[in-house]
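Here's the structure we're looking at; comments come further down.
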Ligand SMILES: *Cc1c(COP(=O)(O)O)cnc(C)c1O
């Protein structure tokens, strides 16, 4: 048989890499029901607690009454409706850029931007730890593709010296599995010095970084000349769905002409854009969400250090606990689950070999008491790890 899927699946299972989807039986929030079990979750990207916010839900409902449910067509035909346009204007303002272009998902925004900007005869340089969608965009573009050492401007500079054609440097803003920030001022300087463009995917920084939630470019005070191509996604801190590219007038017009994942797809439901508009308003105005989140991050890091956990260099809501061994990471995740806590174990190949970890994410919707519950459980379970046999348990990522 040509497609021996059973053999491929068995192989994956034997390598302990088989993935299963936990079934969520409640809305997003700190307290969820998963596979029939009530759990306190620390693994969602709903960093500001907006995914199930009553005002956002009301905006969605009112949007559906006014605009219907379906986008109906692609943006270039008859699918670009007023709410989509308003979201673009709000995003341009939030990020302090001339224009923004709304995409249906972050994956598509990344494929669209990279393939529209570089092709055969050009060069794309990416951080080794970039998100899969950025790597896929680089491969699909047909440009020469090279990875530089993680967050290392010197490694980037040596590759820039060998680059040919139009050169695009691509990095995550906040690295999704480590939580650290890209050194954007240094990366931007290296790129500008050699006439290359810097593209930043700020999926995890938008809403969480910057006084107004404008993300990593607001955090560092960088403009369009430093970061010509800025990507943000709306399914994380914003709590809805979709993504955008923000930049110059010429960039956005070029994407409308040439970005195939923008052109050849139906626009997102206009009611979703209505929900996003409300969510962006809350994200910007309710600064207490970012302040509370920052307090939780401090509380977690202090508590974790007292227990002796190995944290990473992360000032963001992504607070991984480094374990190393995959079986041990799964074991800790399972012990926490037995105590009613859901924290995902992340293993290779999602992270480099020998760097399995528990990826704790915090949200403004968590209370200090809930973070304390997590710390108490970690204090109890973590010391037991060394004595385990490393036996493998069911995985939950
Ligand atoms: C989640 C994520 C994406 C994909 O965004 P979607 O809107 O979920 O498709 C892209 N880049 C990074 C860094 C992400 O974390």
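Summary of computed values
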read-out	value
Selected residue (criterion: nearest to the ligand (Cβ to nearest atom)) from residues of the range 103-126 that are buried (at least 24 other Cβ atoms within 10 Å of the Cβ) and assigned to a strand (DSSP E or B)	103
Qualifying residue in the range 292-307 (condition: surrounded by 16 or more Cβ atoms within 10 Å (Cβ to Cβ) and within 15 Å of the ligand (Cβ to nearest atom))	no
The range 329-349: number of residues that are surrounded by fewer than 17 Cβ atoms within 10 Å (Cβ to Cβ) and under 18 Å from residue 18 (Cβ atoms)	2
Residues satisfying the stated conditions in the range 190-236, i.e. touching a residue at least 60 places away in the same chain (Cβ under 8 Å), closer than 14 Å to residue 174 by Cβ, assigned to a loop (DSSP other than H, G, I, E, B) and more than 11 Å from the ligand (Cβ to nearest atom)	207, 208, 209, 213, 214, 215
Selected residue (criterion: nearest to residue 355 (Cα to Cα)) from residues of the range 150-176 that are touching a strand residue (DSSP E or B) at 6+ places or on another chain (Cβ under 7 Å) and away from the ligand (no atom under 16 Å from the Cβ)	155
Selection count, the range 177-189, where residues are buried (at least 21 other Cβ atoms within 10 Å of the Cβ) and either in a loop (DSSP other than H, G, I, E, B) or within 16 Å of the ligand (Cβ to nearest atom) (or both)	6
Residues of the range 135-165 satisfying the condition of being in a loop (DSSP other than H, G, I, E, B) and farther than 25 Å from residue 215 by Cβ	142, 143, 161, 162, 163, 164, 165
Failed item in (1) farther than 22 Å from residue 192 by Cα; (2) part of a helix (DSSP H, G or I); (3) within 16 Å of the ligand (Cβ to nearest atom), with residue 85 passing the rest	(3)
Odd one out for residue 34, checked against (1) closer than 25 Å to residue 290 by Cβ; (2) touching a residue at least 40 places away in the same chain (Cβ under 8 Å)	(1)
Lone unmet requirement of (1) under 21 Å from the mean Cα position of the chain (by Cα); (2) surrounded by 17 or more Cβ atoms within 10 Å (Cβ to Cβ) for residue 287	(2)
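Taken together, the values in this text are just the output of simple stated rules run on the coordinates, not laboratory data. Keep in mind it's a predicted model, so treat the numbers as computed, not measured. Because the Cβ atoms are built from the backbone with ideal geometry, glycine has one as well, and the counts that use them run over all protein chains shown.
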